[in-house]
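Reading through the structure tokens given below for one structure.
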Amino acid sequence: MYFFSLIKKSFLMVFILAVAVNLSAIVSAEEDASEKIIKVIGTGTIYGGNVAKARDLAIKNSLVSAVALTVADLLPLESMIQSFKILNEILYDNTSDFVKYYKVLTESASGNKYRVLVQATVSIDAIKEELISVNIKVCKKTLPKILFFIAEQNIIDISPRYWWSKDLTFVKGYTEIAMTEKMLKNGFSAIDQKSLVINEEFETLKDKADLSNQDAVSLGAILQADVVIVGNSKAYIAPNTMGEDIKSFKGTILARALRTDTGEEIASTTQTAVSVNKDNIAGGRDALSNAGYLAGSDLASQIAREWHEKVKKSIATLVIIVEGTRALSNFVIFRAELDEIPGIDSQQTSEMKADEATIVVNFQGNAKELADALMLKNFESFGINIYEISKSHLRIRLVSS
């Protein structure tokens, strides 16, 4: 815990110095689903009277800050700590790939400092794609945790194989591996069966390759999954051939997704894919993997759409006015801890003054429930005073300990 605390503090210092040291003030930000418009102030130091070079540095620093603020809205603090080196290389060193447009609104020199107020349009989609390409999960909080129950039968298998069987030696089939890979890339998280403790709940299911909805939901709830994906896949030798050796193979999968809290079916898919190979086992494997990837893509789209619709109905938009933000590191920690509260769908800093910031939050609950959740947080280096609560907003003061 102490080691993690040191890492967190070190990260905050690196983040502030490497990214936000040139950010004198965040004026405002607004966004839609694919891009964010941010106004930031960047600073450059004038050396040897070279104002032009200082101006260029100020602009560069402001664009780094704009990209960094966008990333902070997409990833939790722990992910940013673990991936900071990668983020620095793929994002902060290549802002031109993610800033679609920018303009200098105003600029001024003060002593040996040159400051610019820049309005930057940052591509959220481009940043998400880059993060996904290096296996960094995006917005994982807003999507459910998945547990797979896929029974698979390859060409040489006499009967379906599944991880909850008697011998427990079969963990994941080719279909499930491909489905998991695709859904992880889309921001979902999956429960690894290797980490599960097998108990008496499994005893009645060990002879069932095809689980009922009730069995899957009951077991998924025990194992703390939000959604279970239940189905079966099979590989066949297809009729097409080429010469004497080359054969074609067909893989099929039927799967359905169920919520563990209600038992409701929220998605289903049937996919077929073909592969070509000389070897029966390899051909069946490829066909199953291809079908699994298609199924994962289809289910990810359906589940995300359904999940967001359900969540959206219970979300309230609240305004948090935070005083005492002059200590930027405290404000960064506050935002990171706020982001970890269950029910927070998104947050956006809409205005920042000298010692006060306004955060717009989408929260599954009301202002009092959010205040109660904040009171349970341990901010270590400071405390909070929630001195005003209304239907639509909170007023909070950050107090040094």
Of (1) touching a strand residue (DSSP E or B) at 6+ places or on another chain (Cβ under 6 Å); (2) of a type outside the set (K, R); (3) surrounded by 15 or more Cβ atoms within 10 Å (Cβ to Cβ), N88 fails just (1)
Checklist entry - Regarding G292, is this residue under 19 Å from S392 (Cα atoms) and either touching a strand residue (DSSP E or B) at 6+ places or on another chain (Cβ under 8 Å) or of a type in the set (A, V, I, L, M) (or both)? => result no
Residue set I90, I155, I86, I127; condition within 13 Å of the chain's Cα centre (by Cα) and either outside any strand (DSSP E or B) or modelled with pLDDT under 85 (or both); output residue I127
Residue check: is G292 within 29 Å of I222 (Cα to Cα), in contact with a Phe, Trp or Tyr (Cβ under 9 Å, 6 or more places away or on another chain) and in a helix (DSSP H, G or I)?
yes
Report whether or not T121 is modelled with pLDDT of 90 or more, surrounded by fewer than 19 Cβ atoms within 10 Å (Cβ to Cβ) and in contact with a Phe, Trp or Tyr (Cβ under 6 Å, 6 or more places away or on another chain).
-> yes
For region 302-319, pairs from a residue that is closer than 21 Å to M183 by Cα and at pLDDT 85 or above to a residue that is outside any helix (DSSP H, G or I) and of a type in the set (G, A, S), with Cβ under 7 Å and 6 or more apart or across chains, are Q302/A267; I303/A257; I303/A267
Among strands (runs of 3 or more DSSP E) completely within region 322-401, the ones holding 3 or more residues that are touching a strand residue (DSSP E or B) at 6+ places or on another chain (Cβ under 7 Å) and in contact (Cβ under 8 Å) with a residue 60 or more places away in the chain are 344-352, 393-400
Given the conditions (1) within 24 Å of L75 (Cα to Cα); (2) in contact (Cβ under 8 Å) with a residue 40 or more places away in the chain, every one holds for A295 apart from (1)
### Query
Has region 247-259 got any residue that is within 27 Å of the chain's Cα centre (by Cα), under 23 Å from L294 (Cβ atoms) and modelled with pLDDT under 90?
no
Exactly one of S195, S189, S165, S218 is at pLDDT 85 or above and polar (S, T, N, Q), and that one is S218
| request: Evaluate the following for S275: is it surrounded by fewer than 21 Cβ atoms within 10 Å (Cβ to Cβ), in the same structural domain as E181 (by TED's automatic domain parsing) and on the phi < 0 side of the Ramachandran plot? | output: no
Checked against (1) out of contact with any Phe, Trp or Tyr (no Cβ under 9 Å at 6 or more places or on another chain); (2) under 30 Å from S268 (Cβ atoms), E356 satisfies every condition except (2)
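The values are calculated or read from the model by the stated rules, or taken from the named source; none is laboratory data. Since this is a predicted model, take the numbers as computed values, not measurements. Reconstructed Cβ throughout: ideal geometry from the backbone, glycine too, with neighbour counts over all protein chains shown.
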